[in-house]
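Colleague: The following block contains the structure, expressed as structure tokens.
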Amino acid sequence: MKSPLLESPGAVAADRPDEEVAAHYGEPSQEQRALAAGTAFVDRGNRGVVRIAGPDRLKWLHSLLSQSFEGLAPFAPTEALLLSPKGHIENHLFVIDDGEAVWAHVEPGAASGLVAFLDSMRFMLRVEVQDVSDEYAVVTGPGAEGLGWPDAEGTFTRVVPRGGFPDLRPAGLWAYEALRIAAHRPRFGLDTDHRTIPHEVGLVETAVHLNKGCYRGQETVARVHNLGRPPRRLVFLHLDGSVDRLPAHGDPVEIPGGRAVGTVGTAARHHELGPIALALVKRNTPVDAELLAGGVAAAQEVVVSPETGANAQIDLRRRPAAR
């Protein structure tokens, strides 16, 4: 659903899959500083919103998704993954229960597929699944209580009725993305692909419960957790600031000399760190190797250890981010 804020003076639409919201409103750097300072908000109304009601909702989701929903307290935000039978990430949900229903927001265009899958798994359980994206939107801004999630660098993401924007300056999606990348938080579909498993991108920390009962894809999660060494690992890249462009999504990541070791996910210009990116590289890529990301020189910072697993000493070196 196209954001009404795209009609604002100076608004520039973002690239796919975010073309329905603004990338910026003419002042990207100032917008990002305002968002970090708590004086701006970001319209993320292109994201899908799903509501799951009914007395069986928590135990039902517990059996389907990677997170534990048993005893989930009202208004306690969490994350969950829908995995394929082989353990590949099919959806990343940001979830909260308000005491009557579970609310989740997902990537643009992902709500209908999620609802179709969940509906197919209802059987005789007392649950009702709705895609409510036409009625509710996702907004990120200063911290608040209620139906929402603590986010990167002090921001807070919440679900609101459509049109319920805060009385603050709007900042474009570029501002949010820069803070997200700086917090080492991967975005499903952009920093992941159809082969990505949770351990590769650090989502075991936030979206997987390792001591719960069976769910789809659990065998892969358990195997990698016990044996370690996923095929790839997420890295944070400090890009050469003297270059006047950012690498594009899908650009190759190479060791100088031409050996490809991975691909770029998302990139942005951060108001303090300069140009930055997230990328997926082969697990055995040396952690101290200088890299080229889409031809741009890049120094890597470890996000996921090459030896990730229960028997490994993991040093994630994440930037602090509220959860």
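Colleague: Out of Trp103, Trp60, which single residue is in a strand (DSSP E or B), farther than 18 Å from Thr192 by Cβ and aromatic (Phe, Trp, Tyr)?
Modeller: Working: Trp60 fails: in a strand (DSSP E or B).
Answer to the selection: Trp103.
Colleague: Going through segment 145-168 one residue at a time, which ones are of a type outside the set (Gly, Ala, Ser) and not in a loop (DSSP other than H, G, I, E, B)?
Modeller: The answer is Trp149, Pro150, Glu153, Phe156, Thr157, Arg158, Val159, Val160, Pro161.
Colleague: I've got another one for you. List the strands (runs of 3 or more DSSP E) that sit entirely inside segment 229-299 and contain at least 2 residues that are aromatic (Phe, Trp, Tyr) and free of Cβ contacts under 8 Å to residues at least 12 places away in the same chain.
Modeller: On the way: elements: 232-239, 252-255, 259-270, 274-282, 290-293.
Filter on segment 229-299 gives an empty set.
Colleague: Also, I was wondering about something else. Counting only residues that are within 20 Å of the chain's Cα centre (by Cα) and more than 13 Å from Ile52 (Cβ to Cβ), how many does segment 110-126 have? Give the steps one after another, and end with the answer.
Modeller: Here is the first cut: in segment 110-126, the ones within 20 Å of the chain's Cα centre (by Cα) are 110-115.
Pick out the ones that are also more than 13 Å from Ile52 (Cβ to Cβ) and you get 110, 112-113.
Going through segment 110-126 one residue at a time, the tally reaches 3.
Colleague: Checking the structure you have, find out if any residue of segment 245-267 is surrounded by 13 or more Cβ atoms within 10 Å (Cβ to Cβ) and more than 24 Å from Thr196 (Cα to Cα).
Modeller: Within segment 245-267, none of the residues are surrounded by 13 or more Cβ atoms within 10 Å (Cβ to Cβ) and more than 24 Å from Thr196 (Cα to Cα).
Values quoted throughout were computed directly from the atomic coordinates according to the rules given, and no laboratory measurement underlies them. Predicted, not measured: the structure shown is a model, and the values here were computed from it. With ideal geometry, Cβ positions are generated from the backbone for all residues, glycine too; neighbour counts draw on all protein chains shown.
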